[in-house]
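Here is the structure we will look at, set down as structure tokens.
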Amino acid sequence: MKFKHKKITKILNRYLYFLLVGFIFLIISISLLFVTYHLEEKRKEGSIYLNDLIKENTTDTETYLDIKSIDTLVATSKTTKGLSIYIVNDGQYSYLATLSNDLYEEIKNSKTIPYRIYGISKPIYSDIKNIIMNAYNNDESPNNDLTDELFLGIYGGIYIDTNYEPAYTFYLDLSAILASVIGIIFIITGLIIKIKINIQLKKLNENDIANIEKEIESDTTIKYPKLKLFLTKNYILSLKNQIKIINYQDIIWAYDSILKTKGLITFKSLIIMNNLGKYETIATINSFSKKENQTLTAILSTISKRNKNVLIGYEHAKEAKALHKELKKKAKQK
């Protein structure tokens with residue numbers, strides 16, 4: 001059974017808003033990833049071959065290197081986990097390059113030779129230089145002395161650091177992740193609302209829905225659009241997050257419940273208990289608003305007028321629960 005009234009269906013279809021916003025955020029996420037990819041490709045196109053930078057002794061410049069072989073592990077970084085410095089070769093010259101464990105394995109297993117890596121040019125630090133020179137000079141083979149001049153002749157004074165990403169890459173990737181998370185949350189929220197509404201619609205009585213449709217435009221119906229609440233002649237219609245139709249004659253007890261945060265009253269909820277002992281929240285307001293507090297009082301007043309037997313206020317808690325037990329006993333006896 002479905003509602004046909006435009007005002008009701010408009011509220012019930014608000015799950016479409018969540019789905020729409022969710023898909024918009026997912027599109028934004030995909031767009032950001034595309035922008036990142038485009039900028040990365042453009043950055044690679046503008047990179048300069050490492051050997052050319054060594055000749056000009058140019059550091060802190062985006063560069064690339066075509067590796068044909070990885071010769072020797074020189075050192076492993078103590079500060080960056082999984083990052084090591086290797087001696088690599090492009091078929092003509094030897095170079096120093098930082099490679100992560102994953103990149104090292106990727107190069108080793110690659111069927112594409114040479115394998116191109118990208119990074120930024122950095123000056124070779126003295127401690128790395130000393131490791132290489134000591135390794136050469138401690139070798140017992142003859143004619144093995146490696147001087148500073150010879151070191152520069154073999155490796156130059158610059159290495160390629162592949163553990164480099166422009167700042168914008170991090171922020172674009174982070175923005176894409178956040179957009180996708182927000183999008184997924186909105187979509188899931190929309191689907192949950194839709195599922196709840198469908199479940200409630202299946203439970204509703206056809207006569208109740210038909211009567212609500214007739215009463216909704218009556219002069220006696222009180223409407224609270226912000227609360228998505230309608231008080232018709234015979235029913236309470238609540239459309240907040242899910243659909244609830246409550247006959248006034250089924251209500252035993254109605255009261256406002258206070259939610260405190262750090263000792264301060266922040267929200268008030270209007271709760272009813274029906275003749276089956278089930279509790280339903282039909283409205284929640286901002287307690288700091290005088291107008292909304294008056295609205296809550298007005299709703300309770302309307303309920304009491306349309307069912308003279310309803311207990312109004314939390315002070316009737318014991319009486320309401322006792323009445324509920326009595327109704328339960330009568331129900332069992334039938």
For this session: Go from 0 up to the bin containing the longest alpha carbon distance in segment 48-164, width 10 Å each, and give me the % of pairs per bin.
Result: 13, 47, 32, 7
For this session: Would you please give the residues with an amide H less than 5 Å from that of L83, counting only those at least 5 places away or on a separate chain, with H modeled from the backbone geometry?
Result: S77
Exercise. Between L178 and N205, what length comes free when the chain is fully extended (0.36 nm per residue of separation minus the Cα-Cα distance, one decimal in nm)?
Worked result: 5.5 nm
Exercise. Amide H neighbours of A283 under 5 Å, counting only residues 5+ apart in sequence or on other chains, H built in-plane at 1.01 Å?
Worked result: L270
Exercise. If the convex hull of the alpha-carbon atoms of segment 140-242 is projected onto planes in all directions, what is the mean projected area in square nanometres?
Worked result: 14.9 nm²
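For the chain, calculate the relative contact order in percent as a whole number, restricting contacts to Cα pairs under 8 Å that are 6 or more residues apart.
On the way: 484 pairs, mean separation 51.1, N = 334.
Relative contact order, the chain: 15 percent.
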Exercise. In whole Hz, what ³J(HN,Hα) sequence does segment 201-207 give by Karplus (6.51, -1.76, 1.60; θ = phi - 60°), x for Gly and Pro?
Worked result: 4, 5, 7, 6, 7, 4, 5
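Please list, by residue number, every one of the trypsin sites (Lys or Arg not before Pro) in segment 192-285 that is coil in DSSP and has at most 11 other beta-carbon atoms within 10 Å. Walk me through the numbers before you get to the answer.
Numbers: sites: K194, K196, K202, K203, K214, K223, K226, K228, K233, K240, K244, K260, K262, K268, K278; in loops: K228, K233, K240, K262, K278.
Sparse-neighbourhood loop trypsin sites (Lys or Arg not before Pro): K262, K278.
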For this session: Note down the magnitude of the dipole of segment 48-164 about its Cα centre, charges +1 on Lys and Arg C-beta and -1 on Asp and Glu C-beta and zero elsewhere, to the nearest 20 debye.
Result: 340 debye
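Distances longer than 15 Å among the Cα atoms of segment 181-230: what percent of all pairs is that?
Details: 809 of 1225 pairs.
Of the Cα pairs, 66 percent sit more than 15 Å apart.
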For this session: For segment 205-333, just list the percent of Cα-Cα distances falling in each 5 Å bin from zero outward, please.
Result: 2, 10, 19, 22, 20, 14, 8, 3, 1, 0
For this session: Go through segment 298-313 residue by residue and turn each phi into a ³J(HN,Hα) via Karplus (6.51, -1.76, 1.60, θ = phi - 60°); whole Hz please, and just put x for glycine and proline.
Result: 5, 5, 4, 5, 5, 4, 5, 6, 8, 8, 5, 8, 5, 7, 10, x
Exercise. What is the distance, in nm, between label points placed 7 Å from the Cα along the Cα-to-Cβ direction at I128 and at Q249?
Worked result: 8.6 nm
Exercise. What Kirkwood hydrodynamic radius do you get for the chain when you take the inverse of the mean 1/r over all pairs of distinct Cα atoms, in Å?
Worked result: 26.9 Å
Seminar exercise, completed: Dividing the helical contributions, -39500 (n - 2.57) per DSSP H run of n ≥ 4, by the residues of the chain yields a 222 nm value, nearest 500 deg cm²/dmol, of -15500 deg cm²/dmol
Seminar exercise, completed: Given 116-126, 41-51, the highest-first ranking by average Cβ count within 10 Å works out to 116-126, 41-51
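Each value in this text was obtained by applying a stated rule to the coordinates, not by laboratory testing. It should be emphasised that the depicted structure is a prediction, and the values quoted were computed from it without experimental measurement. All Cβ positions, glycine included, derive from the backbone under ideal geometry; neighbour counts span all protein chains shown.
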